[in-house]
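A short worksheet on the structure shown next.
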Amino acid sequence: MAGRFPILYLAEADAEDAVLSSGVLAYLVEAMPQATFTIVGSPASAPLFADTPRLDRLIVLEKEGRLEWLGLWNQVRPIKWGLVVDMRGTTFSGKLSRQKRAVRAKDEPGVHKVELAARVLQLDEVPPPRLFASDIARAKVESRLPDDGAPLLVVAPGADWMGRQWPAERFASLAANLTTDGPLAGGRVVVLGDDRDRDAAHTIRLAMPRNRTVELQGKLSKQEALAVLERADLYLGGDSIWTHLATAAGAPVVAAFGPSDDTVRGPWGGTVVRGPRSVDEFRKIDPGLNQAIQHMNEVPADRMLRAAKKVLAERAG
């Protein structure tokens, strides 16, 4: 490692949080070409960083117990780090040998997580979320997507809780409208998500002309999904990891939000469409935001359509 500047980056365990703060790591990759990176994450967050340039090592902290942290200590303690970036705000990082340490503070009400991440390095400008996809990931994606030059609409209808999931029928209606005679006329629809989103994907496919939908739910790694999103002319989704991946890929994003506070964790730089209720009003109905209630039904499809057309018109202009 002679002549190099070793950086240890402790990513958040939560995958969505890790994506939201990923612009800090991307900033370091570009601003410090002499730096090499060791990245620590959970089984959910670590794979997001697998294609980071100049990655020396990717360490997966399988669990959060004392033995796991002791094992991590034994792996990283011998190294004199140029910089330790601790996105978890731990005391662990303070015990390591390093030239400089940057630690994330606790969340602040009303402050977006992307802005809070930028404060870790005391940056004047807030770097947007950004993840890296390798040429290998892009090549795998190329073989799955038609190469006919048609516009690409990427849709991720799923969410990890039904209270954050917008109805698949409305995604289907939107996709058909935009790609039939709308601003993405003649376009193809690519569906991203997990295996559990299969029924929603089928609903979208059935609303489209034959052979105009590519279902990739459950078939891609996060890096491969990122490579798809890099090619998107527009992304439609909800409050999910896929929406944040779209932001990190630089795709134009329109997302339906309801019980989550988009001012704190909405898609950075994207367009959010909400219904009539505030987050506080949702909490009065569902204090733990965990009940089997379809909160998202109140987000109207026509508002999502107008938002999508506005985004596309601005990009065309």
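The values are calculated or read from the model by the stated rules, or taken from the named source; none is laboratory data. This one's a predicted model, so the numbers in the text were calculated from it and none came from an experiment. We place every Cβ from the backbone using ideal geometry, glycine too, and count neighbours over all the protein chains shown. Remember, those area values only see protein heavy atoms, side chains included, never the ligands or the DNA or RNA. Shrake-Rupley method; radii C 1.70, N 1.55, O 1.52, S 1.80 Å.
Quick rundown of the values:
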quantity: Spans of strands (runs of 3 or more DSSP E) in the range 1-99 with at least 1 residues in contact (Cβ under 8 Å) with a residue 12 or more places away in the chain and surrounded by 21 or more Cβ atoms within 10 Å (Cβ to Cβ); calculated: 5-10, 35-41, 81-86
quantity: Candidates Gly270, Gly237 - the one that is without any contact (Cβ under 8 Å) to a residue 60 or more places away in the chain, under 18 Å from Glu16 (Cβ atoms) and open to solvent by less than 40 Å² (accessible area, probe 1.4 Å); calculated: Gly270
quantity: Selected residue (only one of Arg170, Arg188, Arg144 is out of contact with any Pro (no Cβ under 7 Å at 6 or more places or on another chain), at pLDDT 95 or above and open to solvent by 20 Å² or more (accessible area, probe 1.4 Å)); calculated: Arg170
quantity: Flag for Val254 being of a type outside the set (D, E, K, R), closer than 18 Å to Ala175 by Cα, open to solvent by 10 Å² or more (accessible area, probe 1.4 Å) and in a strand (DSSP E or B); calculated: no
quantity: Condition met for Ala150 (within 24 Å of Val254 (Cα to Cα), of a type outside the set (Phe, Trp, Tyr), outside any helix (DSSP H, G or I) and over 21 Å from the mean Cα position of the chain (by Cα)); calculated: yes
quantity: Members of the range 176-206 that are more than 24 Å from Arg315 (Cβ to Cβ), among the small types (Gly, Ala, Ser) and assigned to a helix (DSSP H, G or I); calculated: Ala200, Ala201
quantity: Flag for Thr91 being among the hydroxyl-bearing types (Ser, Thr, Tyr) and under 27 Å from Thr247 (Cα atoms); calculated: no
quantity: Count - residues of the range 192-211 that are over 20 Å from the mean Cα position of the chain (by Cα), at pLDDT 95 or above and more than 14 Å from Pro167 (Cα to Cα); calculated: 3
quantity: Filter result (assigned to a helix (DSSP H, G or I) and either under 20 Å from Ala159 (Cα atoms) or in contact with a Gly (Cβ under 8 Å, 6 or more places away or on another chain) (or both)) within the range 289-302; calculated: His295, Met296, Asn297, Glu298, Ala301
quantity: Qualifying residue in the range 116-133 (condition: within 21 Å of the chain's Cα centre (by Cα), at pLDDT 95 or above, part of a strand (DSSP E or B) and of a type outside the set (Ser, Thr, Tyr)); calculated: no
quantity: Breaking point among (1) under 17 Å from Pro146 (Cα atoms); (2) open to solvent by less than 30 Å² (accessible area, probe 1.4 Å); (3) not hydrophobic (A, V, I, L, M, F, W, C), for Gln223; calculated: (1)
quantity: Filter result (surrounded by fewer than 20 Cβ atoms within 10 Å (Cβ to Cβ), under 23 Å from Arg231 (Cα atoms) and touching a residue at least 12 places away in the same chain (Cβ under 8 Å)) within the range 149-167; calculated: Ala150, Pro151
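This table checks each residue for (1) over 26 Å from Phe49 (Cα atoms); (2) more than 23 Å from the chain's Cα centre (by Cα); (3) buried (at least 19 other Cβ atoms within 10 Å of the Cβ).
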site	(1), (2), (3)
Ala246	no, no, yes
Thr263	no, no, no
Gly266	no, no, yes
Ile285	yes, yes, no
Lys309	yes, no, no
